1. Per-residue Cβ counts within 10 Å, from other chains only, averaged over A:126-136: what number is that?
2. Averaged over its residues, how many other protein chain Cβ atoms are within 10 Å of peptide A:35-45's Cβ atoms?
3. Just want to confirm a number: the relative contact order over region A:142-188, from Cα pairs under 8 angstrom separated by 6+ residues, in percent.
4. What is the fewest-to-most order of B:19, A:77 by other Cβ atoms lying within 10 Å of their Cβ?
5. Quick one: check the C-alpha center-to-center distance for region A:79-109 versus region B:76-124, whole angstrom.
6. Between residue B:42 and residue B:203, 0.36 nm times their residue separation minus their Cα-Cα distance comes to what?
7. If I fit a long axis through the Cα atoms of helix A:58-93 and take the longest principal axis of the Cα atoms of chain A, what angle between them do I get, 0 to 90°, rounded to 10?
8. Which order do A:32, B:141 fall in if you start with the one that has the fewest other Cβ atoms within 10 Å?
């Protein structure tokens, strides 16, 4: 039936649930586009035939047109949903994506993410605040963190340097930890 | 030394009549309203700019005072709280703009540029987002579609905020004659008076203008 392939795309997104992005389904998208192409060609044929005087073709044309509209709508929804989740990645993981997630995006989606990054950065520069930080209301100024990787030395805003090695515990200011937590270098305990 | 510490919360030198405390209160109010309303509200750039200045001032003051005093700890904590409030407010707005970029820009296009909901930088962000999204659509699917399917009526397909959502709110000043239900064939119209201090739950659409003027606060 018309539109069935397209519906698979939406079901696939739905099955994956919130925040998890399936690979861009290039194959199915291509099949849907092909279905649209053949629908369009058949319509074109029938419309030409009708204009030459043949009767009773219009219901078919209308049905196919509705199928075309539906396929278009579903494809755009698929892209839009994905684009929203991709933009969300910027908030969860920062500017650098892990390779396994990166490989799930289509090339144009990667460039969408880059452009999104750029406009978000431009916005934050304009207002003068990094809004990807301070995500949770602060309960205390200092928090205890455990270092999970061998990261080496970092410089704190107070000017002190701190050596982060695996398994060590630190008592740091929240604002200083957040970028480290986001990058997975330390975890909150 | 004592003086410096006490000055941490005092305002900057400009002639602004509001005290730092009042600005903070306004920010809290704006933050609550923005977080709870389904649509984007008017920008409060004056409050935000003012608060940004205050934060910078406070930061400088704290840095000048170099002791491990408990007071510093408390001031720093307060600073973190305000910073959270500020970033959270901006974040909520940006998320709404992302969701409804096209709808908001069309709405703003109809009003006086001075009354625009978006600040300049927000407008820039919304424009770029819309453009990039259209580019993505174009590159991945639209250009491969049959010729009569390639156009996009963005005003028809863009998502719009649900103004019929129910919201809780508190009344800040008396308002008379609020139209709750339009007159229909089956029902007579329903009009109520809101009294200061009351709390209600209603559709957002009804109190939309009141939320904007501050006559009610969303809670």
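1. Across the residues of A:126-136, the mean count of other-chain Cβ atoms within 10 Å is 6.
2. 2
3. The normalised contact order for region A:142-188 reaches 49 percent.
4. Least crowded to most crowded, the residues run B:19, A:77.
5. A separation of 23 Å, based on Cα centres.
6. Values: separation 161, 0.36 × 161 = 57.96 nm, distance 1.90 nm.
That pair, residue B:42 and residue B:203, stretches by 56.1 nm at full extension.
7. With rounding to tens, the tilt is 10 degrees.
8. On the way: A:32 26, B:141 23.
The fewest-first ordering by Cβ neighbours comes to B:141, A:32.
Every number here is computed from the coordinates shown, using simple stated rules; none is lab data. In this text the structure is predicted, and so the values were computed from the model without any measurement. Please note: Cβ atoms are built from the backbone with ideal geometry, for glycine as well, and neighbour counts cover all protein chains shown.
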